[in-house]
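Visitor: Structure in structure tokens, see below.
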Amino acid sequence: MDKPLEGRIAFVTGSGRGLGRAIAARLAELGADVAIHDINREAPAKYGEASDIDQVAAAIARSGGPTAAVAGNIGDRDTVFGMASFIADRLGPVDVLVNCAGGDIGASGGKPSPNNALDISFEDIQTLVNNNLIGTMLVCQAFCKPMVERRRGCVINIASGAAHFGTSPEVVYSTLKAAVAHYTRCLAFELRPYGVRVNAVSPGPTKTARFLATRKVDPEMMQHEASLNRYGEPEEIADVVAFLAGDGARFIHGQILRVDGGMTLYAG
């Protein structure tokens, strides 16, 4: 089938830019109606990806079906449930939920500094917890209950390769992504009787606009050639999410799939 997700409605948090945008675009190409989200309407302009989320939604609509655009902090319960109501009214009940919003973004809007275990500020800790863990939990509460009632739907949480090994800096971010991975397993346990699938994807370092603008990159890792020792492309992560959203993954549940070219070749 050219449009295997036709007739389904997807909501991708953090899809105004970066990895989330690539995921939303891929789901739309496969036939899904997609709701676009970012923390505010102008967020896609920060790294030059678009002027606002409405421009992103329009671009995605040209390659897919109907779209909707919502903005708000996923760490705020009332905002999350308000977005859920808006999307249901505009597009219908969500079948595919992708929790992509988050990242190593502190209280000031940039990377925390200092960013190690003992010196990171309390304000940055709070912001990271809200953006990465509490936000994921609130979005699941808002969108998964209707899935349970319909006994249909799937959730794909975006964790991180950093969730699977000890590292510094980015200690709090990595810890929270590990929590997202385990929350995925717990939610999968709860929703298994209702036929709602829950999985997670842990990307390795991926060449989003934010990654390239905020990291010192390794030139050798920027090369493709025949090696897997490189940074990932956003579209490569999007393809895996699209697979998990489709019927080809209908018996895959409670799994954490690392998509990192084999960077973390060990159990756990």
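Visitor: When you go through 35, 101, 58, 84 one by one, which is the residue that is under 19 Å from residue 142 (Cβ atoms), in a helix (DSSP H, G or I) and not β-branched (Val, Ile, Thr)? Quick ask: steps written out before the conclusion?
Guide: Numbers: 35 fails: in a helix (DSSP H, G or I); 101 fails: in a helix (DSSP H, G or I); 58 fails: under 19 Å from residue 142 (Cβ atoms).
On inspection, the qualifying residue turns out to be 84.
Visitor: Something else now. Within region 38-55, count every residue that is more than 19 Å from the chain's Cα centre (by Cα) and either basic (Lys, Arg) or not in a helix (DSSP H, G or I) (or both).
Guide: Within region 38-55, residues that are more than 19 Å from the chain's Cα centre (by Cα) and either basic (Lys, Arg) or not in a helix (DSSP H, G or I) (or both) number 2.
Visitor: Right, here's the next one. Return a yes/no flag: does region 113-124 have any residue that is under 20 Å from the mean Cα position of the chain (by Cα), of a type in the set (Val, Ile, Thr) and either part of a helix (DSSP H, G or I) or crowded, with 18+ Cβ neighbours inside 10 Å (or both).
Guide: Scanning region 113-124 turns up no residue that is under 20 Å from the mean Cα position of the chain (by Cα), of a type in the set (Val, Ile, Thr) and either part of a helix (DSSP H, G or I) or crowded, with 18+ Cβ neighbours inside 10 Å (or both).
Visitor: May I pose another question? Within region 187-194, is even one residue out of contact with any His (no Cβ under 9 Å at 6 or more places or on another chain), within 22 Å of residue 167 (Cα to Cα) and at pLDDT 95 or above?
Guide: Narrowing region 187-194 to residues out of contact with any His (no Cβ under 9 Å at 6 or more places or on another chain): 187, 189-190, 193-194.
Next cut, within 22 Å of residue 167 (Cα to Cα) only: none.
Scanning region 187-194, I find no residue that is out of contact with any His (no Cβ under 9 Å at 6 or more places or on another chain), within 22 Å of residue 167 (Cα to Cα) and at pLDDT 95 or above, so the answer is no.
Visitor: Could you run through region 246-264 and say how many residues are within 18 Å of the chain's Cα centre (by Cα) and part of a loop (DSSP other than H, G, I, E, B)?
Guide: So the count comes out to 5.
Visitor: Which condition number does residue 255 fail, the rest of (1) modelled with pLDDT under 95; (2) closer than 21 Å to residue 23 by Cα; (3) surrounded by fewer than 17 Cβ atoms within 10 Å (Cβ to Cβ); (4) of a type outside the set (Lys, Arg) being met?
Guide: (1)
Visitor: Go through 72, 135 for me and flag whichever is within 25 Å of residue 205 (Cβ to Cβ), touching a residue at least 12 places away in the same chain (Cβ under 8 Å) and of a type in the set (Gly, Ala, Ser).
Guide: Of the residues listed, the single one that is within 25 Å of residue 205 (Cβ to Cβ), touching a residue at least 12 places away in the same chain (Cβ under 8 Å) and of a type in the set (Gly, Ala, Ser) is 135.
Visitor: For region 148-180, enumerate the residues that are among the polar types (S, T, N, Q) and either over 20 Å from residue 232 (Cβ atoms) or part of a strand (DSSP E or B) (or both).
Guide: Let us first name the residues in region 148-180 that are among the polar types (S, T, N, Q), namely 157, 160, 167-168, 174-175.
157, 168, 175 - these are the residues of region 148-180 that are among the polar types (S, T, N, Q) and either over 20 Å from residue 232 (Cβ atoms) or part of a strand (DSSP E or B) (or both).
Visitor: Another question about this same structure. Which residue out of 94, 70 is in a loop (DSSP other than H, G, I, E, B) and touching a Phe, Trp or Tyr at 6+ places or on another chain (Cβ under 7 Å)?
Guide: Unique residue meeting the criteria: 94.
Visitor: Out of all the residues in region 158-175, which are crowded, with 24+ Cβ neighbours inside 10 Å and of a type outside the set (Ser, Thr, Tyr)?
Guide: Listed by number, the residues that qualify are 158, 159.
Visitor: Does residue 15 meet the test of being within 17 Å of the chain's Cα centre (by Cα), modelled with pLDDT of 95 or more and of a type in the set (Ser, Thr, Tyr)? I'd like the intermediate steps shown before the answer.
Guide: Working: within 17 Å of the chain's Cα centre (by Cα): yes; modelled with pLDDT of 95 or more: yes; of a type in the set (Ser, Thr, Tyr): yes.
Yes: the conditions hold for residue 15.
Visitor: Considering only region 1-32, how many residues are assigned to a loop (DSSP other than H, G, I, E, B) and either over 19 Å from residue 249 (Cβ atoms) or of a type in the set (Lys, Arg) (or both)?
Guide: Summing the residues that are assigned to a loop (DSSP other than H, G, I, E, B) and either over 19 Å from residue 249 (Cβ atoms) or of a type in the set (Lys, Arg) (or both) in region 1-32 gives 7.
Visitor: So, one more: Look at residue 130 and say whether it is out of contact with any Pro (no Cβ under 8 Å at 6 or more places or on another chain), closer than 21 Å to residue 169 by Cα and not acidic (Asp, Glu). Before you say what the answer is, go through the steps one by one.
Guide: On the way: out of contact with any Pro (no Cβ under 8 Å at 6 or more places or on another chain): yes; closer than 21 Å to residue 169 by Cα: yes; not acidic (Asp, Glu): yes.
The answer is yes for residue 130.
Visitor: Just name the residue that is surrounded by the fewest Cβ atoms within 10 Å (Cβ to Cβ) out of those in region 28-56 that are within 23 Å of residue 207 (Cβ to Cβ) and of a type in the set (Gly, Ala, Ser).
Guide: So, considering only residues that are within 23 Å of residue 207 (Cβ to Cβ) and of a type in the set (Gly, Ala, Ser), the one surrounded by the fewest Cβ atoms within 10 Å (Cβ to Cβ) is 48.
Visitor: Just to be sure before I move on: is residue 16 farther than 17 Å from residue 155 by Cα and surrounded by fewer than 18 Cβ atoms within 10 Å (Cβ to Cβ) in the structure I sent?
Guide: no
Visitor: Which one of 113, 174 is touching a helix residue (DSSP H, G or I) at 6+ places or on another chain (Cβ under 8 Å) and of a type in the set (Ser, Thr, Tyr)?
Guide: Only one candidate passes the filter, namely 174.
Visitor: Checking residue 183 against (1) exposed (fewer than 13 other Cβ atoms within 10 Å of the Cβ); (2) within 19 Å of the chain's Cα centre (by Cα); (3) not charged (D, E, K, R): exactly one of these is not met. Which one?
Guide: Only one criterion in (1) exposed (fewer than 13 other Cβ atoms within 10 Å of the Cβ); (2) within 19 Å of the chain's Cα centre (by Cα); (3) not charged (D, E, K, R) is unmet by residue 183, namely (1).
The values are calculated or read from the model by the stated rules, or taken from the named source; none is laboratory data. What you see is a predicted model, and the numbers here were worked out from it, not measured in a lab. Neighbour counts are summed over all protein chains in view; Cβ atoms, including those assigned to glycine, are modelled from backbone coordinates with ideal geometry.
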